[in-house]
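I have placed the structure first, in the form of C-alpha cells, so that the comments after it can refer back to it.
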Amino acid sequence: MSTVATPGRRKAKAGWNLLGLLVFVIAGFPVYWMLNTAFKPAKDAIDPDPSLLPTGITLSNFSRALDIADFWGPVGRSLIVSLSVVVIGMVVGLLAALAISRFAFRGRKIVIVGILAVQMIPLVAMIIPVFLLLNDLDQYDKLSGLIITYLTFILPFTVWTLRGFIVNIPKELEEAAMVDGCSRTGAFVRVVFPLLAPGLVATSVYGFIQAWNEYLYALMLLSQDHQTATVWLANFTTQHGTEYAPMMAGATMLAVPIVALFLLVQRKMAAGLTAGAVKG
C-alpha cells in the first residue's frame with residue numbers, strides 16, 4: 001500500500017530542510033571565512049569592507065606563516081602530546097570501562113558517580129592546583145606534564161563512553177566463547193574487542209581532537225620554547241601587529257590533521273554509533 005505525502009507533510013519536510021540548511025550555513029561560515037582569508041591577498045584581509053566572495057587567490061600567506069615563526073616544532077609537539085594521550089587514555093580507559101561494566105565490586109557505583117562528577121568541574125578552576133602539583137613533581141614546562149594533565153580530563157569521558165559500548169555487548173557472547181574453550185581474556189579478544197572496535201575509534205578521535213585543540217593548559221604549563229600548535233597560532237604577531245591572512249593560513253594548516261583523521265575513520269565513527277548491536 002503506497003502512501004502519498006499530504007501538503008502539510010511536504011511543508012513540514014521543507015521547513016525541516018530549510019532549518020537544517022540554516023544550521024549548516026551558520027556552522028560552516030567560520031570555516032569558509034578562514035579558508036577565504038587564508039587564500040586572499042594580505043591587503044584584502046584587513047580591508048574594512050571585506051568581500052564575501054574571494055577576489056583573488058594566493059599561496060603567499062602559507063609561506064609567510066611558515067617564515068614568521070617555527071611551525072613544525074609546535075606541530076610535532078602537539079602530535080606527540082595528542083597521540084600519547086590517545087594511546088595511554090585508550091589502554092587505561094578500556095581496562096577501567098571493562099572493570100566497571102563487567103565486574104561487581106564494592107564501591108562500583110561511587111566510581112561511576114565520581115567519573116560523572118569529575119566531568120562537571122570547569123577546567124579553568126583547576127589551573128592553579130595543576131600548576132602547583134606539576135611544579136612540585138618537576139613536570140612544569142615538560143610535555144610529559146602536559147600529557148598527564150590532559151589525561152585527567154580526557155580519561156573520565158573515555159571510561160564513561162567505552163562503558164556504554166561494552167554494556168551494549170551481551171555477556172552471553174563471552175560466556176558462549178568460554179564454554180567453547182576460550183579463557184576470559186581470549187573471549188574478550190576474539191568476541192568483544194571486534195564489536196568494540198568502532199567505539200574505540202570514535203572515542204580515540206574525540207580524545208585526539210580534545211588534546212590537539214586544547215589551548216589554556218598548553219599556554220599556562222609550557223614556556224615559549226616548548227609551545228604547542230594552538231599556542232603558536234594564538235601568538236601569531238609580528239612587529240607590525242597581527243597578520244590575519246597568514247594567521248588564517250596557519251589555522252588552515254593546523255586543521256589538516258583533524259580533517260585527514262576524520263576522513264580516514266569516518267566509516268568506523270558512524271559504525272561506533274551502533275557498536276555492540278547484535279541480531280538475535
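Read the figures in this text as sums done on the coordinates, not as results from a lab. If you're wondering where the values come from, they're calculated on a predicted model, not measured in any experiment. Backbone-built Cβ (ideal geometry, glycine too); neighbour counts: all protein chains shown.
Straight-line reach from LYS43: which aspartates and glutamates fall under 12 Å, measuring Cα to Cα and dropping same-chain residues less than 8 apart?
In chain and number order, the partners are GLU243.
What is the distance, in nm, between label points placed 7 Å from the Cα along the Cα-to-Cβ direction at ILE112 and at VAL189?
Calculated label separation equals 3.0 nm.
Rank LEU123, LEU195, LEU134 by mean-square fluctuation in a GNM of the chain with C-alpha springs under 10 angstrom and give only the top-ranked residue.
Its mean-square fluctuation being the largest, the pick is LEU123.
Treating only the Cβ of Lys, Arg, Asp and Glu as charged (+1, +1, -1, -1), what charge dipole size does the stretch 7-121 show about its Cα centre? Round to the nearest 20 debye.
1020 debye
Where in the chain lies the longest segment free of chymotrypsin sites (Phe, Trp or Tyr not before Pro) that are both loop residues by DSSP (not H, G, I, E, B) and have at most 11 other Cβ atoms within 10 Å?
Value returned for the longest uninterrupted segment is 106-280.
How far is helix 193-213 tilted off the main Cα axis of the chain, in degrees rounded to 10, range 0 to 90?
Rounded to the nearest ten degrees, it is 30.
If you place +1 on the Cβ of every Lys and Arg and -1 on the Cβ of every Asp and Glu, how big does the dipole about the Cα centre of the stretch 73-162 come out, in debye to the nearest 20?
460 debye
Say the dipole of the chain comes from +1 at the beta carbon of Lys and Arg and -1 at that of Asp and Glu; which of GLY107, ILE209, TRP72 then lies farthest toward its positive end?
GLY107
At a Förster distance of 25 Å, what's the computed FRET efficiency of VAL124 paired with ILE258, Cβ-Cβ distance as r, to 0.05?
According to the calculation, E is roughly 0.60.
Apply the Kirkwood formula to the chain: the hydrodynamic radius equals the inverse of the mean of 1/r over all pairs of different alpha-carbon atoms; give it in Å with one decimal.
Mean inverse Cα-Cα distance, inverted, gives 22.4 Å.
Note down the nm distance, to one decimal, between modelled labels 7 Å out along Cα→Cβ at VAL179 and at ASP67.
According to this spin-label approximation, the distance is 7.3 nm.
Simple spin-label model, 7 Å along Cα-to-Cβ: TYR215 to LYS13 in nm?
4.2 nm
Applying 1/(1 + (r/R0)^6) with R0 = 35 Å to the Cβ-Cβ distance of ASP49 and THR6, what FRET efficiency is obtained, to the nearest 0.05?
Efficiency computed from Cβ-Cβ geometry: 0.15.
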